[in-house]
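The values are calculated or read from the model by the stated rules, or taken from the named source; none is laboratory data. Fair warning: this is a prediction, and the values are worked out from it, not measured in the lab. Glycine also receives a Cβ, built like all others from the backbone with ideal geometry; neighbour counts cover every protein chain displayed.
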Amino acid sequence: MNTEDIKVCVLRVGGTNCDAETQRAFTELGAKAEVIQVSDMIKKRNLLDYNVLVFPGGFSYGDYVRSGVIFARHLSANLGKEIRQFVDEGRPLLGICNGFQILVEYGLLPGFSGISEFPEATLTTNEPAGFKCKWVYLKQENRGKCAFTSAIPAGKTIQLPIAHGEGRLLFPKEKEQALLKKIIDQDMLVFRYCTKDGETAEGKYPDNPNGSFHDIAGICNPEGNIFGLMPHPERAMYWWQQPTWTRENQMLKYGDGKLIFQSIINKLTKTNH
């Protein structure tokens with residue numbers, strides 16, 4: 001597949017607010033990306049016409065009940081068959097911030113045994129509580145399974161911004177160690193919050209900004225085609241989005257966020273650059 005043949009669907013509803021930036025990130029790299037209202041997808045479009053599906057950030061349906069749960073249930077009721085086929089065919093699916101919450105509520109992540117009937121994890125209120133909007137450091141922990149991080153060497157530290165009030169990833173207390181082992185063994189761990197020098201955050205604020213278990217900021221499913229993360233790569237696409245852009249000489253055109261989008265394009269075009 002050529003880059004210009006890649007069709008990306010950025011799915012939005014009321015409350016979504018990061019769709020345009022996500023679309024631009026893909027189009028900047030040569031793919032064809034469309035922002036589509038979920039009602040239009042249900043009534044007029046076919047999800048299977050697209051190669052990549054993205055749930056962008058925001059506050060879908062006002063984040064009532066729990067973040068992402070209404071959108072997840074709406075999708076399951078109206079596009080469940082198409083989403084299952086999309087996933088079964090191994091097509092890439094990305095969830096950013098609210099999108100990650102949607103993937104968890106839908107049962108697509110962690111996805112230990114495919115799409116689960118009930119959520120296997122939760123993304124809940126930050127600890128310390130409050131909406132956090134800041135830049136964080138992330139360490140790439142994946143060994144090659146995740147389709148969205150192939151352009152990021154294992155162990156590399158990158159910088160992306162967060163903007164969420166419910167980003168603390170937790171598993172059932174009685175299962176958390178067993179599930180963590182499974183995530184590590186199956187190469188589902190992708191990003192962990194860390195220090196600027198790449199040292200483990202060890203659950204300590206502010207390096208771990210939300211109290212997430214094992215400092216987890218992003219995971220993929222066992223097959224590696226579904227990826228969710230709380231930080232926003234679309235807000236770190238260009239040099240002028242960086243927090244230090246007025247203080248440092250900018251030698252690169254792009255920021256670290258580009259690596260996420262470039263990785264999936266490389267995967268679909270089977271390139272290594």
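Laid out as a table, the results:
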{"item": "Residue satisfying all of: in segment 47-93; outside any helix (DSSP H, G or I), aromatic (Phe, Trp, Tyr) and over 17 Å from Asn225 (Cα atoms); farthest from the chain's Cα centre (by Cα) among these", "result": "Tyr64"}
{"item": "Matching residues in segment 225-248 - criterion: being touching a residue at least 60 places away in the same chain (Cβ under 8 Å) and assigned to a strand (DSSP E or B)", "result": "Ile226, Phe227, Gly228, Leu229"}
{"item": "Unique residue being of a type in the set (S, T, N, Q) and within 24 Å of Gln241 (Cβ to Cβ) when the list is Gln85, Gln37, Gln101", "result": "Gln101"}
{"item": "Gly58, sole failed condition from (1) over 22 Å from Thr22 (Cα atoms); (2) in contact with a helix residue (DSSP H, G or I) (Cβ under 6 Å, 6 or more places away or on another chain)", "result": "(1)"}
{"item": "In segment 73-91, residue surrounded by the fewest Cβ atoms within 10 Å (Cβ to Cβ) [restricted to those that are closer than 20 Å to Ile264 by Cβ and not polar (S, T, N, Q)]", "result": "Glu89"}
{"item": "Failed condition for Tyr238, given (1) surrounded by fewer than 22 Cβ atoms within 10 Å (Cβ to Cβ); (2) over 19 Å from Cys18 (Cβ atoms)", "result": "(2)"}
{"item": "Neighbours by Cβ (under 6 Å, 6+ apart or cross-chain): first from segment 42-59, touching a residue at least 40 places away in the same chain (Cβ under 8 Å); second among the basic types (Lys, Arg)", "result": "Tyr50/Lys7; Asn51/Lys7"}
{"item": "Condition check for Val87: at pLDDT 95 or above and aliphatic (A, V, I, L, M)", "result": "yes"}
{"item": "Identity of the residue in segment 16-39, acidic (Asp, Glu) and within 16 Å of the chain's Cα centre (by Cα), that ends up surrounded by the most Cβ atoms within 10 Å (Cβ to Cβ)", "result": "Asp19"}
{"item": "Within segment 94-196, strands (runs of 3 or more DSSP E) holding 1 or more residues that are within 18 Å of Thr22 (Cβ to Cβ) and either touching a strand residue (DSSP E or B) at 6+ places or on another chain (Cβ under 6 Å) or modelled with pLDDT of 95 or more (or both)", "result": "132-140, 157-164, 189-194"}
{"item": "Residue count for segment 107-120, restricted to those that are surrounded by 22 or more Cβ atoms within 10 Å (Cβ to Cβ) and more than 14 Å from the chain's Cα centre (by Cα)", "result": "1"}
{"item": "Gln159 being surrounded by fewer than 22 Cβ atoms within 10 Å (Cβ to Cβ), within 18 Å of the chain's Cα centre (by Cα) and of a type outside the set (A, V, I, L, M)", "result": "yes"}
{"item": "Members of segment 24-46 that are closer than 18 Å to Arg91 by Cβ, touching a strand residue (DSSP E or B) at 6+ places or on another chain (Cβ under 7 Å) and not in a strand (DSSP E or B)", "result": "Phe26, Ala31, Val38, Met41, Arg45"}
{"item": "Criterion: surrounded by 22 or more Cβ atoms within 10 Å (Cβ to Cβ) and either over 26 Å from Gly257 (Cα atoms) or touching a His at 6+ places or on another chain (Cβ under 8 Å) (or both) - qualifying residue of Ile42, Ile96, Ile70", "result": "Ile96"}
